[in-house]
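Please treat every number below as a calculation from the coordinates, not as lab data. Since the model is a prediction, treat every value here as computed from it, not as a measurement. Please note: Cβ atoms are built from the backbone with ideal geometry, for glycine as well, and neighbour counts cover all protein chains shown.
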Amino acid sequence: MRAIPLLTLVLGGWFVVPAHADEAQDWLTRLGQAEQQQSFQGTFVYERNGSFSTHNIWHRVQEGKVHERLLQLDGSAQEVVRVDGHTQCVSGTLVAGLGDTPNSAARAIDPQKLKNWYDLAVIGKSRVAGRSAVIVSLTPRDQHRYGFELHLDKDTGLPLKSLLLNDKGQLLERFQFTRLDTANVPSEADLQPGADCKAVNLESDKASAVKAAQAWHSDWLPPGFELTSSSARKDPQTKTQLSSLMYDDGLARFSVFLEPLNGAVVADTRVQLGPTVAVSRRLTTAQGEMMVTVVGEIPIGTAERIALSMRNDAAATTQ
Amino acid sequence: MSREALQESLSAVMDNEADELELRRVLNACDDVETRDTWARYQIARAVMHKDLLLPRLDIAAAVSAALADETVPAKVSRGPWRSLGRLAVAASVTLAVLAGVRLYNQDEIAGVELAHQSSQQNLVAPQVKGPAVLAGYNESSEATGPMANGVLQGQPGWHDQRLPGYLRQHAQQAALKGTESALPYARAASLENR
């Protein structure tokens, strides 16, 4: 007798789950399209360990071109202006040589790919910034990435709220709109950068940068993570060559920095800063001791394993 | 009932070979002091043969009988239709218990989920207060003690303090430059600049 409700439950679950997954996939597709098609302006908050800030965003889609301006409202006036995903100007300190990488164009969110590494599901409804929203959860299928909870605007598919959660369900960061206006398209004046926004010149020593960084690879990567950019630059202060590699799984990202120690005695460290972890490990190569630092929005154990798996190809061939 | 027959039955009970009738006969005769003595003697003889340790004259039966004498006899009360009703009631209560158990179990699950939600809500605040794994704002003052190191920081304590903020910034900015999917990477990068 008890088997019957159980059976219906099991069968019911069987039929319901794929439907939910499909629905979630549709919502994520909508999210990807929304930012390419929808003009909006609004205010959002960002919160993580030890930091809470408020920002304005102006986003205009006109004649297929996406103009976007972001401005921090409290503290220093952090500002970014982007056109079609390419950064035009930035306030404050921009790391030299940043972004001078091939395929630095932004990648749209791909639910088909994400499905391999996350369980996608619509888990409910909510209300954010006075608008009704659909909650889409992205639960990691392994322990190498964090889960996301996205609250997407029912009308437009825009992300109204985004929570990053670790394996214990603890909140690591919160991104949440407090006001969103999709009716009024931002004006030209709204999108004009402020006086402190310094123009970004992303053209520099491209070729050498790529070559130097490509000498490095990782013996182990968490499933789904791919190299999306690599660069190398000379640090103006320390005069050492710093290589950096960036990987992502379509949602989460981490960077690997490789720097020669030049005889310095440095201990291994681990730092957790809100959602971002930084793990440093010494690595002995043919060129001497190097420090490998993995920085990213991934669990600390995963970062540790990546740091231990970095190898220098140049060293391998000369040995 | 002849004494011989009883002794035979007693022996059979002791050897675990008595049938229902013999067992009843022995139990009925248990009140008799002589029978109990015979029983005790048989036990001693058996213990000697098996070289078992024996506690002589430990008359458990008498003690049990005395205890039972004070008890009311429930069997007589539950005879008749009430007995079957009682059984039904027991069965019903067991079913109820099972159902309640399932229900409670489910409620537990629901409560568990709610708790999980609550705990995640609480943790919203908690990690900010929770100290050691976190470098709040990564400000200059934290450099005095060095970053939160897994091991003991040796050699040049300044190395990580010099490099890590730069690494964190570069990672965040690079992510912000690459990602247009949301303003999230930008917000992360901006939060690093808030000192």
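Tell me whether the range A:12-199 comes out rounded, prolate or oblate; compute the Cα gyration tensor, take square roots of the eigenvalues as a ≥ b ≥ c, and use a/c under 1.5 as the rounded threshold. In terms of gyration-tensor shape, prolate.
Highest mean packing comes first when the peptides A:122-134, A:289-301 are listed by Cβ atoms within 10 Å, giving A:289-301, A:122-134. In the range A:242-308 the Cα-Cα distances spread across 5 Å bins starting at 0 as 4, 19, 29, 24, 14, 7, 3, 0 percent of all pairs.
Counts of other chain beta carbons within 10 angstrom of each beta carbon in peptide A:260-271 average 6.
A convex hull fitted around the alpha carbon atoms of the range A:105-160 yields 102 Å³ per residue. Summary of packing: across the peptides B:163-169, B:45-51, the per-residue average of other C-beta atoms within 10 Å ranks them, highest first, as B:163-169, B:45-51. Across peptide A:50-63, the mean count of Cβ atoms from other chains lying within 10 Å of each residue's own Cβ comes to 3. Per residue of A:162-173, other chain Cβ atoms within 10 Å of the residue Cβ number 4 on average. Considering only A:GLN237, A:TRP220, A:ALA264, and ranking their Cα positions along the charge dipole of the range A:206-318 that arises from unit charges at the beta-carbon of Lys, Arg, Asp and Glu, the one farthest toward the positive end is A:GLN237. Evaluated at 20 °C with a viscosity of 1.002 mPa s, what Stokes-Einstein diffusion coefficient in µm²/s does the range A:206-318 have when Rh comes from the Kirkwood expression over alpha-carbon pairs? D, rounded to a whole number, is 150 µm²/s.
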